[in-house]
Amino acid sequence: MEAVFIALVILGICFTVFKLIRQDHWTIRFFDFPLVQIVLLNTTILIGYSVVVEEWTVLKIILFILLALCILNDIRVIYPYTTIARKESKSFSNKSDLANKINILVSNVYQNNEEYAKLLELIDYEDPDIVITLETNKEWEKRLNKLEKKYPFNHKIPLENMYGMHLFSRLKLANIQERYLIQEDVPSLVCDVQLPGGREVKLYSVHPKPPSPTENEFSTSRDGELYKIALEIQDIETPVIVAGDLNDVAWSHSTRMFQRLSGLRDPRKGRGFFNTFNANIPLLRWPLDHIFHSAHFGLLDIKRHPHVGSDHFPMGAELILNPLKKEKDEPAAEEEELEEAREKIVEAEE
C-alpha cells in the first residue's frame, strides 16, 4: 500500500508540473482545466500518504513536501475565483438606471441538442438585452428566428461544424464585423452596441477551438485569437465587453494573459467558479464560458443559468456603466508578456 501511495504522490506532483510547462500540446494544456479536481485529488492522496507511511525517510519527506507545495500553488491559482477573495468587478445595485444598463446571456447550445424550447423559455424568462448563441447551425437558426420580434437587431452565422454563432439584440447594433481571425472555419463577431442612454459599447463574441485530440492538437490557435483580440482592445477607449465560450478556464495562463493584455475585468473573481461545462457530468465541471468587461462597468448581477439540454450551462451578466466614472484599466502585461503574445499570434497565423 505504501508503494502505491508513493506512486500516487509522484503522479500528483506531475499534474502540477505539467501545468507549468509552456507547451501548447493538448496533453499538457488539458491539465489547466480540472484544477479544482486536482487539488481535491492531491489533498486526498497527501492525507492517505501520511497515514500509510510507516518509516519516514528523507525521500519520503521530500515527496510529502513537494506534493504539499503543489497543492498550495494550485490553491493560490484558483483562490481569486472563490467567494472569499477580493471582487475584481465592483458590485452595484441600482437596476433602475435603465439608460446605462446591459444584460447579456451567452449559451453554447451544443449543436446536436434538440431541446430548443428550453433555451427559448430561458430567454423569455430572463429577458436579456443581448443573446449570444454558439454552436448554432441552420436548424437552430430556424428555431431561434422567433426571437427576431423581440430582438430586431441580429447577425447570423449558421455553420454545421460546431462553430456557428448567432447574435440577437434589442439594443441597436452598428458596425457589425464577422471575422475569422485565425482559422477560416471559426468565426468571431465584433460590433458597437448602443445603450438606451446613447453610450456605445464595443462587444466581442468569441468561440475559439480548444486544444483536444478531436479539435486542435495544440492550443496555439485559441491562444493566438485571444491575444489578438486583447491587443486590439488596448487601443479602444470606449466600454468593452468580451463574451463567449473561450474553451479555456478562468485561471489558465492564457486567460490570465488575456486579462493582463486587455485590461478587462472578470466578474467571477471574488464571487465563485460559475462552472459552465460539463453540464452533464457534475464531478467534471469548470468555467469555460465567460463575460469580461472594461472598468467602465460595474456589476449588477452574474449567474449561471439552468440546464437547457446542452453540455454547457448558459452564462449571464448584467452590467451598468460605472457611476464612479472610472474609464479604463491600463493593461498590466509586462514587455515580456507582450512579446510572448505577439509571438503566439504569429505562430497561430502561420
Given (1) more than 18 Å from E337 (Cβ to Cβ); (2) of a type in the set (D, E, K, R); (3) not in a strand (DSSP E or B), where does D192 come up short, assuming only one miss?
(3)
Could you check, for the stretch 12-25, whether at least one of its residues is of a type in the set (V, I, T) and modelled with pLDDT of 95 or more?
yes
First in the stretch 328-350 and closer than 18 Å to I182 by Cα, second anywhere and in a loop (DSSP other than H, G, I, E, B), Cβ under 7 Å, 6 or more apart
A348/I182; E349/I182
Can you go through I75, I65, I102 and tell me which one is in contact (Cβ under 8 Å) with a residue 60 or more places away in the chain and not polar (S, T, N, Q)?
I102
Being in a helix (DSSP H, G or I), surrounded by fewer than 17 Cβ atoms within 10 Å (Cβ to Cβ) and among the aromatic types (F, W, Y) narrows it down to one of F5, F31, F64, so name that one.
F64
Scanning the stretch 34-53 for residues that are among the β-branched types (V, I, T) and either surrounded by 18 or more Cβ atoms within 10 Å (Cβ to Cβ) or within 21 Å of the chain's Cα centre (by Cα) (or both), which turns out modelled with the lowest pLDDT?
V53
Would you point out which residue out of L181, L189, L144, L171 is among the hydrophobic types (A, V, I, L, M, F, W, C) and touching a residue at least 60 places away in the same chain (Cβ under 8 Å)?
L171
Return only the number of the condition from (1) within 18 Å of F31 (Cα to Cα); (2) touching a residue at least 24 places away in the same chain (Cβ under 8 Å); (3) of a type in the set (D, E, K, R) that R256 does not satisfy.
(2)
Go through the stretch 234-350 and tell me which strands (runs of 3 or more DSSP E), entirely inside it, have 1 or more residues that are under 20 Å from P208 (Cα atoms).
240-245, 289-293, 315-321
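The values are calculated or read from the model by the stated rules, or taken from the named source; none is laboratory data. Being a predicted model, the structure only gives us computed values, none of them experimental. A quick note on method: Cβ atoms are made from the backbone with ideal geometry, for glycine too, and the neighbour counts reach across all protein chains shown.
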